[in-house]
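Only one structure is covered here, and it is reproduced in the block below.
The values are calculated or read from the model by the stated rules, or taken from the named source; none is laboratory data. This one's a predicted model, so the numbers in the text were calculated from it and none came from an experiment. Methodologically, a virtual Cβ is constructed for each residue, glycine included, from the backbone with ideal geometry; neighbour enumeration extends over all protein chains shown.
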Amino acid sequence: MVACQHIAVSEPRLVRSLALFGPLLAPPEPARQGMRDRATKARTEGMGGIVEAIVQAATSGDTKANNPVAVALVRELLMRQDAEGYAKTCEALAGAEAADVRRIACPVLLVTGDEDGVASPSNVRAMAEQINGARVVILNRCGHWATLERAAECSAALKEFLAGRA
């Protein structure tokens, strides 16, 4: 998602609208080391060594209690990732620099969950304040995997956003 923001800033003619789920400008400094550590662990232990911690931290309490299919899907999506590819993604995100989102000129939708520890509602609102006309949707009882935890609500928010941009 950080890459999408950079493209919207550097190549605005290529971006008609931007819908970001679980967005962040760039990881906060303390999280960067955690991402590098996760990359190392993925390389040394494989995905099995990190998946359960990610599932527990990144899904809401409601999802864990009431939506075992979503939890299983998150777990399966993570387990099927190549450990080296995942490690490289973690390292890339750990080194990511924030785009100057004030320069984004297209319509923007930002969606996060009220229990998202990666893209917290307060950080997403702060991001939206920098983007002229950005729309924010905070989903109740939802963690970082919004599109899996609250698929219907995400779909409705996206449809509404796109309908207004046609």
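Per-structure values
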quantity	calculated
Which numbered condition Ala58 misses (of (1) touching a Pro at 6+ places or on another chain (Cβ under 9 Å); (2) of a type outside the set (Val, Ile, Thr); (3) closer than 19 Å to Leu110 by Cα)	(1)
Cross-chain or 6+ apart pairs with Cβ under 7 Å, the stretch 65-93 first and on the phi > 0 side of the Ramachandran plot, then crowded, with 16+ Cβ neighbours inside 10 Å	none
Filter result (more than 12 Å from Glu84 (Cα to Cα) and among the small types (Gly, Ala, Ser)) within the stretch 32-63	Gly34, Gly48, Gly49, Ala53, Ala57, Ala58, Ser60, Gly61
Tally, over the stretch 80-94, of residues that are out of contact with any helix residue (DSSP H, G or I) (no Cβ under 7 Å at 6 or more places or on another chain) and either part of a helix (DSSP H, G or I) or not acidic (Asp, Glu) (or both)	5
Filter result (without any contact (Cβ under 8 Å) to a residue 60 or more places away in the chain, part of a loop (DSSP other than H, G, I, E, B) and of a type outside the set (Val, Ile, Thr)) within the stretch 40-64	Gly46
Residue list for the stretch 5-26, restricted to those being under 21 Å from Ala157 (Cβ atoms) and either at pLDDT below 95 or surrounded by fewer than 16 Cβ atoms within 10 Å (Cβ to Cβ) (or both)	Arg16, Ser17, Leu24, Leu25
Meets criteria (exposed (fewer than 15 other Cβ atoms within 10 Å of the Cβ) and of a type in the set (A, V, I, L, M, F, W, C)) for Ala57	yes
